[in-house]
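Report on one structure; see the data block that follows.
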Ligand code: UGA
């Protein structure tokens, strides 16, 4: 199939590379000429395991090309819209400027019957708006708009795309069904269910999924606090909870709170959508508030572990991005936690395997170190912020020898208390007995 993808950002690039790998002919279009030029030179603007190789092999096979010209959409049977929908400043609604602009620009290039598939995360009703924009801009266009939300995770995006739990396609016009089934036909081999629903249901499913997962993480985080107060181990509780198949074991790892480019913006947007329709999303609203407060609580936890004060102390921070295997600093809990520690008088030295370039601009007063041991050298305390593999097997004796102090605060529960104690550390983690 000939497919065009509008927007060569995170979702657009992964979608394009994976669909090309399925054997489709893909053109990824982006309005940013420098991004297109970089992609044409083989430079991938984001860090995602396996993506560079997948792009290169499909480009070499002639199935994936990059272009700045939307006119390529004329040949496409399906055009995906995969442009960004950031949080709108001030009110937390999704900002649809890029989606609307892409629809308007696309309209004039449509020729023959075309399925316009919205992959961007958009509020319920956006499919209707996009259809109206295209129809107005090009009354002769023969098209349908379907909603095809994306459920991939950063750091595991290719695996998630190729082996999804499900694909959701929302449509109002049956003519969209066969082409979308054809796009995802290779997935039938992996027995992934392709769920066809109404367009509004598909749009809502995306927000419902992210909000539910954010609630799950937030629930276990509160449970971790209760474990600390009442004397329990949140990992045991999570295991006992997660073995119930109705609940499931995933997304029950307690930590410093969720971050990233999706959960924070999508939970806020769902709250706004609920308000707009007079159907308040009270659980989600509370989740947002608890998660925001958690950052301050984590800073307090670190300060408490440092005997009540970090003034004049140096704290080594391992991990800056919102989670491992990404260079994405968007809404990373580290930003607020570091800010609070600095406000309390601490010096921060940090290391992140992929995130330091992006972090530098956001955290100008943080010294960046070349590796975990370099960050730890001379530090009074060390904080494990994300569970990168490189941080899971640290040489604790070497760490202890290079640090000045003996405090480790593990916000991802990577280590066991006994092994830390054996190496002479005072160790605190999340929701586990000290
Ligand atoms: C999330 C969803 O998982 C994807 O399904 C969705 O497609 C994507 O958003 C999106 O809307 O584009 P992502 O933001 O890449 O994916 O990251 P997750 O792996 O879901 O993690 C989100 C946050 O929750 C991270 O800060 C992570 O550290 C935290 N988390 C996750 C926990 O603290 N504990 C857990 O058990 C799981």
So the FRET efficiency between residue 357 and residue 136, C-beta based with R0 = 45 Å and rounded to 0.05, is 0.60
In whole angstrom, the spacing between the Cα centers of segment 356-380 and segment 293-324 equals 14 Å
So for R0 = 51 Å, FRET eff. of residue 212-residue 344 from the Cβ-Cβ r, to 0.05, ends up at 0.90
Helix-only [θ] at 222 nm, the chain, -39500 (n - 2.57) per DSSP H run of 4+, per residue, nearest 500, equals -13000 deg cm²/dmol
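Given 25 °C and 0.890 mPa s, how large is the Stokes-Einstein diffusion coefficient of the chain in µm²/s, with Rh as the Kirkwood radius over Cα pairs? Don't jump to the answer; show the numbers that get you there.
Values: Rh = 23.2 Å.
Here the translational diffusion coefficient equals 106 µm²/s.
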Distance in Å, no decimals, from the C-alpha centre of segment 157-206 to the one of segment 39-76 is 22 Å
Once residue 104 and residue 69 are pulled to full extension, the length gained, defined as 0.36 nm per residue separation minus their Cα-Cα distance, is 11.2 nm
per DSSP, antiparallel bridges as share of beta bridges in segment 2-197, % nearest 5, sits at 5 percent
Here FRET efficiency (C-beta to C-beta, residue 276 to residue 177, R₀ 35 Å, nearest 0.05) is 0.75
The simple spin-label model distance between residue 421 and residue 190, using points 7 Å out along Cα→Cβ, in nm, is 4.4 nm
Each label sits 7 Å from Cα toward the beta-carbon; between residue 156 and residue 397 the label points are separated, in nm, by 3.5 nm
When 244, 352, 380 are arranged by how many other beta-carbons sit within 10 Å of their Cβ, fewest first, they go 244, 380, 352
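A short reminder: the numbers here are calculations on the coordinates, not readings from a lab. These figures come from a predicted structure and were not determined experimentally. Cβ sites come from the backbone with ideal geometry, for glycine too, and all protein chains shown count toward neighbours.
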